[in-house]
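Undergrad: Pasting in a structure now, in structure tokens, and then I'll have a few things to ask.
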Amino acid sequence: KKMSGFLEGLRCSECIDWGEKRNTIASIAAGVLFFTGWWIIIDAAVIYPSMEEFNHSYHACGVIATIAFLMINAVSNGQVRGDSYSEGCLGQTGARIWLFIGFMLAFGSLIASMWILFGGYVAKEKTTVYPGIAVFFQNAFIFFGGLVFKFGRTEDLWQ
């Protein structure tokens with residue numbers, strides 16, 4: 001069973017016709033998750049503007065997660081499988097390498113955000129932990145938004 005068909009496995013798929021609406025719903029859900037992640041970190045940056053409370057270099061995790069979001073969704077499932085893409089510099093292998101690097105960046109930014117939360121705020125017993133929580137949730141929302149956008153849509157409607 002394909003990973004991109006996980007919405008059909010839900011019991012609610014009997015009462016809702018996902019057909020034409022599936023790509024729209026997945027795109028909106030991914031956009032809301034992505035927006036929520038950036039909204040949380042902007043809120044933390046506004047509340048804690050000083051470097052002592054919230055180090056500005058922690059924004060790098062969110063930027064890397066955003067780049068990973070774009071990399072993961074830049075290649076279609078058909079390109080990775082080799083169904084619709086054979087030309088180019090590396091063909092199917094290049095698409096797979098691109099997707100692998102995108103997932104590595106996504107997981108890496110999520111792990112780094114956990115390290116920032118626990119190493120920078122919880123272990124040091126700072127009075128404010130919210131900036132660390134904001135960095136983690138930003139990366140978690142961007143990560144899950146990327147997964148929803150990649151695997152929640154179907155490419156059958158594109159043809």
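The values are calculated or read from the model by the stated rules, or taken from the named source; none is laboratory data. Everything quoted here is computed from the prediction, not taken from an experiment. Backbone-built Cβ (ideal geometry, glycine too); neighbour counts: all protein chains shown.
Undergrad: Would you confirm, using the coordinates I've provided, whether Phe69 is farther than 18 Å from Thr154 by Cα and aromatic (Phe, Trp, Tyr)?
TA: The answer is no for Phe69.
Undergrad: Do we have Ala123 as surrounded by fewer than 16 Cβ atoms within 10 Å (Cβ to Cβ), hydrophobic (A, V, I, L, M, F, W, C) and either within 17 Å of Thr36 (Cα to Cα) or modelled with pLDDT under 95 (or both) here?
TA: Spelling it out, Ala123 is indeed surrounded by fewer than 16 Cβ atoms within 10 Å (Cβ to Cβ), hydrophobic (A, V, I, L, M, F, W, C) and either within 17 Å of Thr36 (Cα to Cα) or modelled with pLDDT under 95 (or both).
Undergrad: Further, regarding this structure: Which of (1) in contact (Cβ under 8 Å) with a residue 24 or more places away in the chain; (2) not in a helix (DSSP H, G or I) is the odd one out, the single condition Thr127 does not satisfy?
TA: Tallying (1) in contact (Cβ under 8 Å) with a residue 24 or more places away in the chain; (2) not in a helix (DSSP H, G or I), Thr127 fails exactly one: (1).
Undergrad: Taking the stretch 39-72 as the region of interest, how many residues are surrounded by fewer than 17 Cβ atoms within 10 Å (Cβ to Cβ) and part of a helix (DSSP H, G or I)?
TA: 13
Undergrad: Please specify each residue of the stretch 47-69 satisfying the condition of being polar (S, T, N, Q) and touching a helix residue (DSSP H, G or I) at 6+ places or on another chain (Cβ under 8 Å).
TA: Asn55, Thr66
Undergrad: Out of (1) surrounded by fewer than 19 Cβ atoms within 10 Å (Cβ to Cβ); (2) modelled with pLDDT of 95 or more, what's the single condition that is false for Gln92?
TA: Condition (2) is where Gln92 drops out.
Undergrad: Here's another thing I want to ask about it. Of the residues Gly82, Gly78, which is modelled with pLDDT under 90, exposed (fewer than 14 other Cβ atoms within 10 Å of the Cβ), within 25 Å of Arg153 (Cβ to Cβ) and not charged (D, E, K, R)?
TA: Answer to the check: Gly82.
Undergrad: When you look at Gly37, is it in contact with a Phe, Trp or Tyr (Cβ under 7 Å, 6 or more places away or on another chain), closer than 30 Å to Arg153 by Cα and touching a residue at least 24 places away in the same chain (Cβ under 8 Å), yes or no?
TA: When the stated conditions are applied, Gly37 passes them.
Undergrad: Take the conditions in a helix (DSSP H, G or I), of a type outside the set (S, T, N, Q), exposed (fewer than 13 other Cβ atoms within 10 Å of the Cβ) and at pLDDT 95 or above and apply them to Ile133. Does it pass?
TA: no
Undergrad: While we're here: Out of Phe118, Phe143, I need the residue that is over 20 Å from the mean Cα position of the chain (by Cα) and not basic (Lys, Arg). Which one? Steps first, answer last, please.
TA: Working: Phe143 fails: over 20 Å from the mean Cα position of the chain (by Cα).
None of the others qualify; the one that does is Phe118.
Undergrad: Let me ask something else about it. Among the listed residues Thr127, Thr66, identify the single one that is of a type in the set (Ser, Thr, Tyr) and more than 18 Å from Ile42 (Cα to Cα).
TA: Result of the check over Thr127, Thr66: Thr127.
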